[in-house]
Amino acid sequence: MDKKYLMVTEDQKIRLDKYLVSELDDYTRNQIQELISGNNVLVNGLAVKPSLILKPSDVIELTIPDPVADDILPENIPLEIYYEDEDLIVVNKPSGMVVHPAPGNYSGTLVNALLFHCQDLSGIGGVLRAGIVHRIDKDTSGLIVACKNDFSHRNLSLQFMNKEVTRKYYALVHGIIGHNLGKVDAPISRSPINRQMMAVVENGRRAVTNFKVIERYKDFTLVECSLETGRTHQIRVHMKYIGYPVAGDPTYGLRNDVSAHGQYLHAKTLGFIHPRTNQYMEWDSPLPDYFQAKLNELIKE
């Protein structure tokens, strides 16, 4: 079971189900309504209806069941390990690997590999998300940290929440960005047109992406993106929003821009304060071979 707690801070006069959809990127409105009807959502300790209008200071408790937890098995999948100790492990995830099991992907995930490699993983997220503090998309490569105990998990979760973690991504985007530095501060939520996609939405959750130009090519720009927030598909949505979609992105990119590796987006740098030693640690990973090969094909401006 995975428990989440939310507190309503503004008087939005919004229904419970709509509020939860805006706050929980992983769940559709139908899924939220099923949780509510199954008494897995309590407001101020009481079972309620999806249509409940929330008030400021309402406390929402969600219990998210793990119906297939017993089916999540360790798998001997090679891991590119950058760091490991008794508290945590930092790995370089390849493009194409899902971080944690979900409908349609109950094997071959990073969690399956970690369960095989590690003796213990933190249980805060339940078996389905054992050890997982943050995620990167299936077709995004790069550095990710997982925790082996609840102490480290809680500590790192707070660092992520307080924006104390260094996260830098390299993205190849369509178009030539004329300025060297930029900042996108635009709220993100599920698209009202296509619920399988995220979009910049007026009443969405605040999302901030900083970027700087690394290299300009004919028709493309290589940028380094630094995240202040961690919304689902944030870089992909923000770059599309400002007119420079990520190359190879099958969801937010240009039509007929097909890549066997998905989007050209790599989580290159990860840094945080170690939960036990209180020492800052940072890792940097090279671009995958296919990403570098793509850059080598391009003509510089």
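Numbers at a glance
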item	result
Residue within region 160-172 that is farther than 30 Å from C118 by Cα and out of contact with any Ser or Thr (no Cβ under 6 Å at 6 or more places or on another chain) present	yes
Test: residue in region 144-161 that is in contact with an Asp or Glu (Cβ under 7 Å, 6 or more places away or on another chain), under 29 Å from P288 (Cα atoms) and loosely packed, with under 15 Cβ neighbours inside 10 Å	no
Scope region 199-216; condition of a type in the set (D, E, K, R), touching a helix residue (DSSP H, G or I) at 6+ places or on another chain (Cβ under 8 Å) and under 16 Å from K18 (Cβ atoms); matching residues	R205
Selected residue [more than 20 Å from A199 (Cα to Cα), surrounded by 13 or more Cβ atoms within 10 Å (Cβ to Cβ) and under 20 Å from the mean Cα position of the chain (by Cα)] from L6, L20	L6
N92 crowded, with 17+ Cβ neighbours inside 10 Å, within 24 Å of H274 (Cα to Cα), in contact with an Asp or Glu (Cβ under 6 Å, 6 or more places away or on another chain) and not aromatic (F, W, Y)	yes
Residue within region 257-270 that is free of Cβ contacts under 8 Å to residues at least 24 places away in the same chain and either within 25 Å of E23 (Cα to Cα) or in contact with a strand residue (DSSP E or B) (Cβ under 6 Å, 6 or more places away or on another chain) (or both) present	no
Search result, residues across region 184-209 that are polar (S, T, N, Q) and buried (at least 17 other Cβ atoms within 10 Å of the Cβ)	S189, T209
Of all residues making up region 263-301, the number that are surrounded by fewer than 16 Cβ atoms within 10 Å (Cβ to Cβ), hydrophobic (A, V, I, L, M, F, W, C) and over 30 Å from K148 (Cα atoms)	2
Qualifying residues in region 211-261 (those that are crowded, with 22+ Cβ neighbours inside 10 Å and β-branched (V, I, T)) - the one farthest from the chain's Cα centre (by Cα)	T221
D70 vs. criteria at pLDDT 85 or above and either crowded, with 16+ Cβ neighbours inside 10 Å or farther than 28 Å from H274 by Cβ (or both)	no
Residue check for N162: farther than 23 Å from G271 by Cβ, among the polar types (S, T, N, Q) and out of contact with any helix residue (DSSP H, G or I) (no Cβ under 7 Å at 6 or more places or on another chain)	no
Residue tally, condition of a type in the set (K, R) and over 21 Å from R216 (Cβ atoms), over region 275-296	1
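Here is a yes/no grid of residues against (1) outside any strand (DSSP E or B); (2) within 23 Å of G262 (Cα to Cα); (3) not small (G, A, S):
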| position | (1), (2), (3) |
| --- | --- |
| H179 | yes, no, yes |
| S189 | no, yes, no |
| A199 | no, yes, no |
| T209 | no, yes, yes |
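The values are calculated or read from the model by the stated rules, or taken from the named source; none is laboratory data. Remember, predicted model here, so these are calculated numbers, not experimental data. Reconstructed Cβ throughout: ideal geometry from the backbone, glycine too, with neighbour counts over all protein chains shown.
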